[in-house]
Every structure is written in structure tokens, then in C-alpha cells.
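Nothing in this text is a laboratory measurement; each read-out follows from the coordinates by a stated rule. Everything numeric here is computed off the predicted structure, so don't read it as measured data. Virtual Cβ from ideal backbone geometry, glycine too; neighbours counted across all protein chains shown.
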Amino acid sequence: MTVGAVLAHARARLADIPRERLGEASAGRRILGIARSPRIVPVGEAWHLGVLLLAADPAAGLLATGDILRARAEVRRGFAAQSQRERAERAAAARRGGFAEGEVVHVGWRTIDLAAVARGEASDPLAVVDGEPRVRWSRAGGYVPLAGYLDERIALLRHPPAGATGGP
């Protein structure tokens, strides 16, 4: 089965499952000479399937997951680490960009080159191994069949384990 056929089958099974939104950083514009804060603006929707984001629009294709955050209003607070401060700033940028309070936002994702994969080349985390599309679910792990990986991830979306929060 080709990558395109596997993805089309997955989209059909995911049609009734809610999607999460994709965001991209947007530099703050100047209004009357005053710089506005940077924003993360919505650019699409996708189903989050582990290391993959399957775009709702087939033309947008398949994406490799980047960072995941929840949009939050900007508040002043002390942070024990610079990384916490940066994450809070990105969450506030998503809120300013139009995402709802607490909404999951995917940023820093990468487009997977499906044409390269069809030619037998790899486009991380996807590759064709022994003629079968496969995905690497961790940098240290090996490749697993894409169809089986998607089956498992779709089952988890339909029937999340007890106590799952559904986001970061």
C-alpha cells in the first residue's frame, strides 16, 4: 500500500474525531510606531498521531510533530528556569494570535516530503523500508509499519486510556 493510500484511509477513519490547530510565529507589527508583541497565528488543523500530524486538508499533507503548548493569557509570575519563562511567553503569543484559552497548539512542526518518500528516500520520521512505508516513533527506535502505527494511534484517539488528559 502506498503512503498516499495509507493516509487517505486514516483520514476517512478520523473524519468524526476533533482536530487540533497548527500555529506559526508571526512577528509583531508596528502600529503608529509602537511594536506589538509577537503572536502565534492559526494556519491549519491536523489530527495528532504521536510523532505525526495528519493535516485535515490532504493538500497540506503529513507533518512531523514539533512543540505542543496550550494557549494561555499572559500573566506576570516568577519562574525557576528560563525555559519555563520562554514556554509561558509562547503560550501567551498563541493566546494573542487568536487561540482560545487552554487550546492545544502545535508549533515548530515540519512538513514531511511525501514525494521523496514515494521515491524511496526518507523524510524524517517517515521512510520506505523493504517496499513498505514505515515511521520512526523515536530517534533511538527503529522503523515500524506506518499502517499499524496509525491504527494504534487512531484507536488511542477513539478510546483514550483512563486518566489521559488529552494534551500537555
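For the stretch 65-110, the alpha-carbon coordinates run over 30, 20, 13 Å along the three principal axes, in decreasing order. The Cα atoms of the stretch 91-168 cover 45, 31, 22 Å along the three principal axes, with the biggest extent listed first.
Axis angle, to the nearest 10 degrees, between helix 3-14 and the longest C-alpha principal axis of the chain: 60 degrees. With n ≥ 4 as the cut-off for DSSP H runs, can you work out [θ] at 222 nm for the chain, using -39500 (n - 2.57) per run divided by the number of residues, rounded to the nearest 500? After summing the helix terms and dividing by the residues of the chain, the value is -8000 deg cm²/dmol.
Between helix 146-158 and the chain there is an angle of about 50 degrees, using the helix long axis and the longest principal axis of the Cα atoms.
Over the stretch 42-168, Cα pairs under 8 Å with separation of 6+ residues give a relative contact order of 21 percent. For Ala56, the residues whose amide H sits under 5 Å from its own are Glu45, Ala46, Trp47, ignoring neighbours fewer than 5 places away on the same chain, with H placed 1.01 Å from N. Of the beta bridges in the stretch 3-158, as assigned by DSSP with both residues counted there, near 95 percent are antiparallel.
If I compute Cα extents along the principal axes in Å from the structure I just sent, which labelled value in (1) 56, 39, 33; (2) 80, 37, 26; (3) 48, 33, 29 lines up? Read-out taken from this structure: (1). For the stretch 54-73, the residues whose amide N sits under 20 Å from a probe point set 7 Å from the Cα of Arg110 along the beta carbon direction are 54-55, 60-69.
Relative to one another, the C-alpha centroids of the stretch 34-100 and the stretch 109-137 are positioned 25 Å apart. Compared with the dominant principal axis of the Cα atoms in the chain, helix 82-96 is inclined by about 90°.
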